[in-house]
Amino acid sequence: MEQRHLGRTGLRVSRIGLGTLTWGRDTGEHDAAEQLKAFWEAGGTLVDTADVYGGGEAEYLLGQLVERLVPRQDLVIATKAGSVRDPDRRFDGSRGHLLAALDASLARLGTEYVDLWQVHAFDPDTPLEETLQALDISVSSGRARYAGVSNFCGWQLAKAGTWQLAAPGPRTRLASTQMEYSLLQRGVEREVLPAALDLGIGLLPSSPLGRGVLTGKYRTAVPADSRGASEHMAPFVEPYLDDAAARIVDAVATAADGLASTPLAVALAWVRDRPGVVAPILGARNAQQLTAALSVEALSLPDEICQALDDVSAPVHRYPDQDWSTL
């Protein structure tokens, strides 16, 4: 699998990442092991998790499998901290919470360091410089090799990235930002992606298949074994089951027919090769599904197909994002 630099850093990662959102909850040890092995054998290196996935079970399971199945040095392990299960405070970006969460993640993962440590979301109740100091400490102490953020909007990312480059003292450059990005969700193109490109921050798209909808599996009904039929995941999928999404899915299916490929491969190749994208994070139900997705490595979309998909899925961006002098 092709390797790409993560932002403006020396770290190289596979251009498809393996997501573990459902590990330890919907994905058991056997299926997780088969996925990790298939991913590694295909040349994949970037494995993404978080301290809240499965209530910590995803990290624990990954740590157990790395010890048994895959050499630690062959993987780029990324995890996140900052999301909390508190109805009054969804995110905690305080230095104390983040560093304690990192230590807990390392214990569950069974490793002395993570390759990429990310703040899971912006915390409006904590000064941003305090949150960013936790990233600096994590790297200077050797507990993380690189640092990034997740779910920061445009101004938040621009402020954080600029602070790390311009503030006095030893600062850790932001290597990445993880955001939802797909043909069904192109909101990052408004401000986040321009900021990331300007600051040299690599984009790691989550839900690159539109929460599974871009595979075409929901075109006629909700499959019984799909996330859309799961009680706790159905609300996650439902927003992309409207008529607007259906038109985009139909266009992807048409493109796939013309290329003798699959809607999954077309949708994944589109986001993988967008400017600023480093590696879409792909979650799979089992190894067979993951292997089918990894076959996208051999697919590059023709310019005409990319343009057609761009047109059918284009979000409405007007003032002040476009050239306002023409409005």
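The values are calculated or read from the model by the stated rules, or taken from the named source; none is laboratory data. Quick caveat: nothing in here was measured; it's all calculated off a predicted structure. Note: ideal-geometry Cβ built from the backbone for every residue, glycine included; neighbour counts use all protein chains shown. In case anyone asks, the SASA skips ligands and DNA or RNA and just uses the protein heavy atoms, side chains included. Shrake-Rupley method; radii C 1.70, N 1.55, O 1.52, S 1.80 Å.
Summary of computed values
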quantity	calculated
Dipole moment magnitude, nearest 20 debye, the stretch 137-277 about Cα centre, only Lys, Arg, Asp, Glu C-beta charged	640 debye
Rounded if a/c under 1.5, otherwise prolate or oblate - the stretch 72-191, Cα gyration tensor axes	rounded
Estimated inter-spin distance, residue 231 and residue 163, nm [label 7 Å along Cα→Cβ]	4.1 nm
Size of electric dipole in the chain: Cβ of Lys, Arg +1 and of Asp, Glu -1, about Cα centre, debye, nearest 20	500 debye
For residue 15, distant residues with modelled amide H under 5 Å away	2, 4
In nm, spacing of pseudo-spin labels at residue 73 and residue 224 (7 Å Cα→C-beta vector)	4.9 nm
Given charges at Cβ of Lys, Arg, Asp, Glu: the stretch 224-327 dipole, positive-most of 239, 296, 316	296
Placed amide H near residue 202: partners under 5 Å, 5+ positions off or other chain	7, 8, 176, 177
Gain upon complete extension [residue 291, residue 317; 0.36 nm per residue less C-alpha separation]	5.8 nm
Hz values of 3J(HN,Hα) by residue in the stretch 136-153 - Karplus curve (6.51, -1.76, 1.60), Gly and Pro given as x	4, 5, 4, 6, 5, 8, x, 7, 9, 8, 9, 9, x, 10, 8, 6, 8, 6
Global form of the stretch 139-238, assessed from the alpha-carbon gyration tensor, a/c cut-off 1.5	prolate
Rounded to 5, the percent of DSSP beta bridges in the chain classed as antiparallel	15 percent
Derived scalar couplings ³J(HN,Hα) [the stretch 92-104; Karplus, 6.51 cos²θ - 1.76 cosθ + 1.60; whole Hz; x for Gly, Pro]	10, x, 5, 4, x, 5, 4, 5, 5, 5, 5, 4, 5
Alpha-carbon centroids, the stretch 1-45 and the stretch 255-274: separation in whole Å	20 Å
Portion, in percent, of the accessible area of the chain that falls on carbon or sulfur, probe 1.4 Å	51 percent
Positive-pole candidate from 201, 183, 167, dipole of the stretch 149-204, charges at beta carbon	167
5 angstrom amide H check on residue 121, placed H, neighbours 5+ away	150
Positive-end residue, the stretch 71-121 charge dipole about Cα centroid, Cβ charges, pick of 83, 116, 98	83
³J(HN,Hα), Karplus 6.51/-1.76/1.60, whole Hz, each residue of the stretch 165-179, x for Gly, Pro	8, 10, 5, x, x, x, 10, 9, 4, 5, 8, 8, 9, 9, 9
Label zone at residue 304, where the point sits 7 Å out along the Cα-to-Cβ direction: the stretch 232-270 residues whose backbone N lies under 20 Å	250-263, 266-267, 269-270
